[in-house]
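*Asks:* After the structure tokens below, expect a handful of questions from me.
The values are calculated or read from the model by the stated rules, or taken from the named source; none is laboratory data. Everything numeric here is computed off the predicted structure, so don't read it as measured data. FYI the Cβ positions are ideal-geometry reconstructions off the backbone, even for glycines, and counts take in every protein chain you see. With ligands, DNA and RNA removed, areas are computed over all heavy atoms of the protein, side chains included. Shrake-Rupley method; radii C 1.70, N 1.55, O 1.52, S 1.80 Å.
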Amino acid sequence: MEKQELLYEGKAKKVYTTPDPELLIVSYKDDATAFNGLKKGTIQGKGAINNQMSNLLMAALEKRGMPTHLVRELNPRETLVKRVAIVPLEVIVRNLAAGSFSKRYGVEEGTPFDEPVLEFSYKNDELGDPLLNDDHAAALKLATREELAVIREYAFQINRLLRELWTDRGIILVDFKVEFGRLPDGTVVLADEISPDTCRLWDAQTREKLDKDRFRRDLGGVEEAYRQVMERLTSGLR
Ligand code: TMP
């Protein structure tokens, strides 16, 4: 399958059309941004790691019954996916307080929750991805009530599966963001990516951050952290 036209260029990925109108090619870049594009940089090797990690994780989820957009990996940076209409929601699941939750509610980072916390943001860069609830999402017609219920169920299911997978590799899944899309027949599937750009991953022993927070917070060792999580994912070592 070859790339045709550039359909869309985002902050971390490019999306191309293909001869098949139902399929797209996603090409991952090494570009990194944070704080809605205010901070810009490059993370060497990130595109290839995020592409391959996202594909491994989505394939693992598919195997356990979660529908995703994944078709097949084409090369280290590029993947063939089903064309979907993205539901404009950033769906966040949190197991421990961190990031914007800690800041907004004054809770120390690393405080565990009794049960996972689901949060929606409106995917809208101009508005700065504002936090919203189910009623807001329904009022704005971002998704139907039925879709919201499916998305909530899927998000918790993804959390259970990914938490187990990372725990086996000595990593705490602190939180993550996923996006869903609609296939032409309306079926909701997991789309976008799952990578250290979109998850908080901490070493279970040292609590060292092994994700994009190293870039956001200028902690250094960004490339090394991405390489290490990929290595731990593929080797399955603790
Ligand atoms: P937050 O604590 O900054 O709201 O982030 C929650 C999770 O979502 C974290 O794992 C990082 C991820 N995330 C994205 O994938 N994209 C974004 O634009 C933001 C702000 C967070």
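*Asks:* Leu219 passes all but one of (1) away from the ligand (no atom under 11 Å from the Cβ); (2) touching a residue at least 24 places away in the same chain (Cβ under 8 Å); (3) hydrophobic (A, V, I, L, M, F, W, C); which number fails?
*Replies:* (2)
*Asks:* For segment 16-44: of the residues being of a type outside the set (D, E, K, R), open to solvent by 30 Å² or more (accessible area, probe 1.4 Å) and part of a loop (DSSP other than H, G, I, E, B), which is farthest from the ligand (Cβ to nearest atom)?
*Replies:* Only one residue fits best here, namely Pro19.
*Asks:* Name the single residue, out of those in segment 167-192 being acidic (Asp, Glu) and within 16 Å of the ligand (Cβ to nearest atom), that is nearest to Leu56 (Cα to Cα).
*Replies:* Asp192
*Asks:* For Trp202, all conditions in the list (1) under 25 Å from Ala60 (Cβ atoms); (2) open to solvent by 50 Å² or more (accessible area, probe 1.4 Å) hold save one; what is the number of the exception?
*Replies:* In the conditions (1) under 25 Å from Ala60 (Cβ atoms); (2) open to solvent by 50 Å² or more (accessible area, probe 1.4 Å), Trp202 misses (2) alone.
*Asks:* Follow-up question, since we're still on this one. Can you pull out every residue in segment 193-209 that is near the ligand (Cβ under 9 Å from one of its atoms) and in contact with a strand residue (DSSP E or B) (Cβ under 7 Å, 6 or more places away or on another chain)?
*Replies:* Across segment 193-209, the qualifying residues are Thr198, Cys199, Arg200, Leu201.
*Asks:* Further, regarding this structure: Given the structure, is Phe120 within 13 Å of the ligand (Cβ to nearest atom) and either farther than 25 Å from Arg207 by Cα or crowded, with 18+ Cβ neighbours inside 10 Å (or both)?
*Replies:* yes
*Asks:* Report yes if some residue within segment 159-176 is open to solvent by less than 10 Å² (accessible area, probe 1.4 Å), among the polar types (S, T, N, Q) and at pLDDT 95 or above; otherwise report no.
*Replies:* Yes, segment 159-176 contains a residue that is open to solvent by less than 10 Å² (accessible area, probe 1.4 Å), among the polar types (S, T, N, Q) and at pLDDT 95 or above.
*Asks:* Something else about it: Based on what the data block shows, is Lys11 of a type outside the set (Val, Ile, Thr), surrounded by 13 or more Cβ atoms within 10 Å (Cβ to Cβ) and closer than 16 Å to Gly221 by Cα?
*Replies:* So Lys11 does not fit the description; no.
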